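The next block holds one structure in the form of structure tokens; read it before the comments.
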Amino acid sequence: MRRRRAGKTSGLEASRARALPRLALACAALPACTGIAVAQPASESVLPFTPASLSFELVDANGAPRGVTLGNGAAIENGVAADGERSLRLAAGDGREARATLRIPAPEIDGNRIRFSMRARGADGADAIDVLVRIDGPNGLLYVDRRRASIADADDAGWASVEIETPVFAAASSVRLNLAIERGTAWIDAIAIDGASTASRPPASAAARRYVEYVLDLIDSHSIYRASLDWPRFRADVLEQARGAATAEDAHLAVRYALGALGDVHGYLRASDRAEALGRAPVSNARTARPPIPPDGRTLPGGIGYVTIPGFAGGTHMQQVEFAEGLQSLLRSLDDEAGGACGWIVDLRRNSGGNLWPMLLGIGPLVGDGDAVIATYPDGRRDTVWYRDGKAGLGDYARLRVRGEPYRPRRADARVAILLGPDTASAGEVLAMAFRGVDGRRSFGAPTDGVNTGTRTFELPDGAELVLAVVTMSDRTGRVYRGPMEPDISAAPGPRDAPLLEQPDVRAALDFAAEAC
């Protein structure tokens, strides 16, 4: 795909890219390939490739084809193949899914769609594979889609054909293809990437077109990126991606394309089943649906309280209140244990975001009463994000409040150090902003993920949800944040499995917090 310069969002997407031959990841027979390659750790980087270098016949020192990461239960197996001698084997077990990942540069293909195709078969109860395709550009995520595809049973001596299409993005730089199964064993072979076009497909049905138009109206009314678009061309490109769609679900690809072409790396489409599940029970990450993780803490030497705040998304109103009250209760117990903590460390390094209000309400006593963050809408209107006396809110309205008496720190002069890292994202970054501009507050670590706009969730007619970035965020001093947030003091995180007090960023934060003791 042709590249677009980073930072420019035009809404103009190339309908045809320079034609290249079909990219096949098939297994050409090589006599030297024998046995089973056992999964080993592999590089996470995106590697240049040719069809031959990604053949399952050729493996590196880690036992994987170039560009392929063999995860849990994944191996390259000899003797079972749709083409050649080798295939990718996924074997789930012990309640864990088996998975493998392919990472490649964005291919230059003919058409406005990329078609991924493969052959697959299953045994021992493996009747489907989960396929995830993610496309990234210089500024982050452009597109992600998940599909569950039925596969043939191995006893039938056949291989099922699996296909998934994604839009072409002029700004794309890399593509990631994840393959996974929840049970049994599956073999995958003859992966190929080629171009497709919607030009020959009929226009979207009336129902599908209304669905797409409804989404376009939401973008036009609320998106912070609306003004940067060539709107007529953007609209035409989105409707072109909707060609052939008969239902709202068929139109989801065009909606996801719209978000990528818009340049909204924070926005995404949440399918109806995921939206329903998110409303019933909280998770630690709304996109991945990872199970919730409770806040944790301990007292460090010198009377310093240490608390880690994970991401929190979804759940009922009461579950959100309970999260906040649990965090305040943790702060109170650490404060009491220290006999009045003289300093605090708030660890946001693993906070991928979610719902700001439970997190802000829980940690609000350390932020302090008052306006903390400023939200600015595309039309220039401004609202403040605040914490006051056991309530957290936006503008004139409280969004969440604790039941009973809120916790108040025993020492008002206690310093607070905030730990940041590349996994700090979304609401986690806004939480970090809340501490900016306050005496005795300083951040340590590494730059954050940089997805720090404010989002709003819109319910769509089919029960799916559209998440759009609708406000830019600034701290109480008026500093606007776009992209990664730099810590006040840079400090290396050290190995993840290193003891807490041996991590350089924690040591730097501890030294700062202890100065008030």
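The values are calculated or read from the model by the stated rules, or taken from the named source; none is laboratory data. In this text, all values refer to a predicted model and were calculated from it rather than measured experimentally. Because the Cβ atoms are built from the backbone with ideal geometry, glycine has one as well, and the counts that use them run over all protein chains shown.
Can you find a residue in segment 105-124 that is modelled with pLDDT of 95 or more, in a strand (DSSP E or B), under 19 Å from the mean Cα position of the chain (by Cα) and crowded, with 17+ Cβ neighbours inside 10 Å? For segment 105-124, residues modelled with pLDDT of 95 or more, in a strand (DSSP E or B), under 19 Å from the mean Cα position of the chain (by Cα) and crowded, with 17+ Cβ neighbours inside 10 Å: absent. Inclusion of Ala199 among residues that are surrounded by 18 or more Cβ atoms within 10 Å (Cβ to Cβ), among the small types (Gly, Ala, Ser) and assigned to a loop (DSSP other than H, G, I, E, B) is not warranted. Among the residues examined, Ala286 does not qualify as small (Gly, Ala, Ser), at pLDDT 95 or above and crowded, with 20+ Cβ neighbours inside 10 Å.
Entry remark, segment 377-397: residues being surrounded by fewer than 17 Cβ atoms within 10 Å (Cβ to Cβ) and closer than 19 Å to Thr453 by Cβ number 8 in total. When Met359 is tested against (1) surrounded by 21 or more Cβ atoms within 10 Å (Cβ to Cβ); (2) of a type outside the set (Phe, Trp, Tyr); (3) more than 21 Å from Tyr387 (Cα to Cα), only condition (3) is not met.
Here's a check for you: in segment 212-229, which residue that is assigned to a loop (DSSP other than H, G, I, E, B) and at pLDDT 95 or above is surrounded by the fewest Cβ atoms within 10 Å (Cβ to Cβ)?
Step one: filter segment 212-229 for residues assigned to a loop (DSSP other than H, G, I, E, B), giving 223-225, 229.
Right, trim to at pLDDT 95 or above and you get 223-225.
Working: Ser223: 22, Ile224: 22, Tyr225: 20.
Checking each candidate, the answer is Tyr225.
Residue-by-condition table, conditions (1) more than 30 Å from Ala492 (Cα to Cα); (2) out of contact with any strand residue (DSSP E or B) (no Cβ under 9 Å at 6 or more places or on another chain); (3) assigned by TED's automatic domain parsing to the domain that holds Val307:
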site: Pro378; (1), (2), (3): yes, no, yes
site: Ala392; (1), (2), (3): yes, no, yes
site: Tyr397; (1), (2), (3): yes, yes, yes
site: Ile418; (1), (2), (3): no, no, yes
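Taking (1) in a helix (DSSP H, G or I); (2) under 30 Å from Ala508 (Cβ atoms); (3) without any contact (Cβ under 8 Å) to a residue 40 or more places away in the chain in turn, Asp273 satisfies each apart from (2). Within segment 485-510, the residues that satisfy the criterion of being within 26 Å of Asp264 (Cβ to Cβ) and in contact (Cβ under 8 Å) with a residue 40 or more places away in the chain are Met485, Pro487. Among the residues making up segment 433-466, those that are surrounded by 19 or more Cβ atoms within 10 Å (Cβ to Cβ), within 24 Å of Arg226 (Cβ to Cβ), in contact with a Ser or Thr (Cβ under 8 Å, 6 or more places away or on another chain) and not polar (S, T, N, Q) are Met433, Asp449, Val451, Gly454, Ala464, Glu465, Leu466.
Do you know which residues across segment 232-263 are of a type in the set (A, V, I, L, M, F, W, C), in contact with a helix residue (DSSP H, G or I) (Cβ under 8 Å, 6 or more places away or on another chain) and part of a helix (DSSP H, G or I)? I'd like the intermediate steps shown before the answer.
Here is the first cut: in segment 232-263, the residues of a type in the set (A, V, I, L, M, F, W, C) are 234, 236, 238-239, 242, 245-246, 248, 251, 253-255, 258-259, 261-262.
Checking the rest, the ones that are also in contact with a helix residue (DSSP H, G or I) (Cβ under 8 Å, 6 or more places away or on another chain) come to 234, 238-239, 242, 245-246, 248, 251, 253-255, 258, 261-262.
Passing the criteria: Phe234, Val238, Leu239, Leu253, Ala254, Val255, Ala258, Ala261, Leu262.
Looking at Asp296, is it of a type in the set (Asp, Glu) and either modelled with pLDDT of 95 or more or within 30 Å of Phe512 (Cβ to Cβ) (or both)?
Numbers: of a type in the set (Asp, Glu): yes; either modelled with pLDDT of 95 or more or within 30 Å of Phe512 (Cβ to Cβ) (or both): yes.
Yes.
Please verify whether Ala271 is buried (at least 18 other Cβ atoms within 10 Å of the Cβ), out of contact with any Cys (no Cβ under 7 Å at 6 or more places or on another chain) and small (Gly, Ala, Ser), treating the condition exactly as stated. Give the derivation first.
Numbers: buried (at least 18 other Cβ atoms within 10 Å of the Cβ): no; out of contact with any Cys (no Cβ under 7 Å at 6 or more places or on another chain): yes; small (Gly, Ala, Ser): yes.
No, not satisfied.
If you go through segment 66-122 and pick out every residue that is among the charged types (D, E, K, R) and touching a Lys or Arg at 6+ places or on another chain (Cβ under 7 Å), you end up with 4. For segment 293-320, a residue qualifies if it is surrounded by 17 or more Cβ atoms within 10 Å (Cβ to Cβ) and either touching a Lys or Arg at 6+ places or on another chain (Cβ under 7 Å) or assigned to a strand (DSSP E or B) (or both), and the qualifying residues are Gly297, Thr299, Leu300, Ile304, Gly305, Tyr306, Val307, Thr308, Pro310, Phe312, Ala313, Gly314. Considered as a group, the residues in segment 170-209 that are charged (D, E, K, R) and over 30 Å from Ile109 (Cα atoms) include one that is farthest from the chain's Cα centre (by Cα), and that residue is Arg183.
Assigned by TED's automatic domain parsing to the domain that holds Arg146, touching a Ser or Thr at 6+ places or on another chain (Cβ under 8 Å), part of a loop (DSSP other than H, G, I, E, B) and surrounded by fewer than 19 Cβ atoms within 10 Å (Cβ to Cβ), is that true of Gly84? Yes; evaluated as a whole, the condition is true for this residue. Applying the criterion of being in contact with an Asp or Glu (Cβ under 7 Å, 6 or more places away or on another chain) and of a type in the set (D, E, K, R) to the residues of segment 325-355, the residue that is surrounded by the most Cβ atoms within 10 Å (Cβ to Cβ) is Arg349. For segment 468-487, a residue qualifies if it is part of a strand (DSSP E or B), surrounded by fewer than 19 Cβ atoms within 10 Å (Cβ to Cβ) and not polar (S, T, N, Q), and exactly one does: Val480. Tallying residues that are surrounded by fewer than 19 Cβ atoms within 10 Å (Cβ to Cβ) and among the β-branched types (Val, Ile, Thr) within segment 59-79 yields 1.
Note on segment 321-348: among residues that are charged (D, E, K, R) and part of a helix (DSSP H, G or I), the one that is nearest to the chain's Cα centre (by Cα) is Glu322.
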